[in-house]
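Presented below is the structure to which this report refers.
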Amino acid sequence: MDTLTNSIEADASVQKHDALLRIDGYSAGYDESLILKNVDLQVGRKEVVALLGRNGVGKTTLLNSILGLVSGGGGSIEFDGIRLDALSTDQRARLGIGYVPQGRDIFPNLTVQENLDVSLRVAKADKAEANSRKSEVFDLFPVLSEMLKRKGGVLSGGQQQQLAIGRALLLKPKLLILDEPTEGIQPSIIDQIEDAIYAIKKRGEMSVILVEQYIDFARNACDSFYILERGSVVESGSIEGLNDGLVARYLTV
Ligand SMILES: Nc1ncnc2c1ncn2[C@@H]1O[C@H](COP(=O)(O)OP(=O)(O)OP(=O)(O)O)[C@@H](O)[C@H]1O
Ligand SMILES: [Mg+2]
């Protein structure tokens with residue numbers, strides 16, 4: 001083998017090793033209908049990836065597939081070098097995948113404090129570690145520290161979203177998955193959620209997959225992008241390549 005081939009193969013193996021999440025030729029759907037078709041997607045360590053596409057193209061289905069909430073019909077998903085196919089949702093979460101689903105995923109009848117404590121108990125954090133993790137979350141979302149005794153269900157939509165993201169962060173996942181965190185939320189809170197994602201990126205502690213309709217935000221917050229159309233990846237690359245032509249073709253309604 002010549003040196004060039006050697007070095008290309010070496011590069012490929014480094015890349016493969018570096019990816020935190022690798023989805024290869026993945027297909028999945030519900031009952032009879034095939035939604036995802038032959039999807040390839042990679043998330044590097046510390047990388048923030050935008051997953052984009054119009055309503056109904058399969059973004060949430062792909063995220064649910066990563067968590068094992070949809071059964072796959074082909075291909076593979078690997079996280080941190082481990083094949084996920086045979087693992088339960090719980091086992092996948094324990095490997096370090098944090099998921100904030102679309103909508104508001106909190107316990108409405110528990111207080112803010114109790115909602116956060118559920119995560120800390122799952123994280124098995126001792127008192128010092130729990131306090132340090134909580135103060136990091138309160139730095140990002142100060143409103144939570146002011147509402148500790150309030151029931152989750154009476155918070156505004158934006159506050160509930162902040163609580164949902166805060167709960168996921170307390171687990172210090174290796175990969176944080178956010179499905180439209182700014183959907184249906186008033187602008188002032190959108191700004192806070194966006195700032196929190198910039199801060200998470202700056203800390204460089206975790207990789208992120210962000211489903212987001214606000215293109216400018218995706219452009220500012222993300223390193224790379226994937227566009228889905230009818231269940232297939234039609235475009236992907238580094239975020240600088242997300243030009244107005246692609247936005248007009250695949251993302252504007
Ligand atoms: N539980 C389900 N059972 C059957 N079909 C489903 C189910 N969930 C979603 N679908 C279908 O799968 C397709 C993809 O839906 P999905 O929710 O993944 O899209 P999305 O890109 O997340 O859309 P949105 O931007 O509106 O959130 C849609 O046609 C939808 O109707
Ligand atoms: Mg969705």
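Across the options P142, I190, L246, the greatest Cα extent toward the positive end of the charge dipole of the chain (unit charges at beta carbon of Lys, Arg, Asp, Glu) belongs to P142. Neighbours of E136 by Cβ distance under 10 Å: Lys/Arg scored +1, Asp/Glu scored -1, total +2. Each Lys or Arg adds one and each Asp or Glu takes one away; over the other residues whose Cβ falls under 11 Å from the Cβ of Q102, this sums to -2.
Can you tell me the 0 to 90 degree angle between the C-alpha axis of helix 3-18 and the longest principal axis of the chain, rounded to 10? So the helix axis and the longest Cα principal axis differ by about 20 degrees. Please give the calculated 222 nm ellipticity per residue for the chain, where each DSSP H segment of at least 4 residues contributes -39500 (n - 2.57) and the sum is spread over every residue; nearest 500 deg cm²/dmol? Helix contribution divided over all residues of the chain: -12000 deg cm²/dmol.
Dipole of the range 107-202, Cα-centred, from +1 at each Lys and Arg C-beta and -1 at each Asp and Glu C-beta, to the nearest 20 debye? It comes to approximately 440 debye. Subtracting the Cα-Cα distance of E129 and I239 from their residue separation scaled by 0.36 nm leaves 36.1 nm. Across the accessible surface of the chain, with the other protein chains kept in place and a 1.4 Å probe, carbon and sulfur atoms take up 49 percent. Label-to-label distance for A86 and D105 is 2.6 nm, based on points extended 7 Å past Cα in the beta-carbon direction. Taking every Cα-Cα distance in the range 152-202 and sorting them into 5 Å bins from zero, the calculated P(r) comes out as 5, 20, 32, 27, 13, 4, 0 percent. Computed from Cα atoms, the angle from the helix 157-170 axis to the main principal axis of the chain rounds to 70 degrees.
Here the mean projected area of the convex hull built on the C-alpha positions of the range 122-253 is 9.5 nm². List, in the order given, every pair from K59/K174; K172/K202; K149/K201; K37/K59; K149/K202; K124/K149 whose Cα-Cα distance in the structure shown is over 24 Å. Pairs exceeding the cut-off: K149/K201; K149/K202.
The values are calculated or read from the model by the stated rules, or taken from the named source; none is laboratory data. The shown structure was predicted, so the numbers you read here are calculated from the model rather than taken from an experiment. We place every Cβ from the backbone using ideal geometry, glycine too, and count neighbours over all the protein chains shown. What goes into the accessible areas is simple: the full protein's heavy atoms, side chains included, and nothing from ligands, DNA or RNA. Shrake-Rupley method; radii C 1.70, N 1.55, O 1.52, S 1.80 Å.
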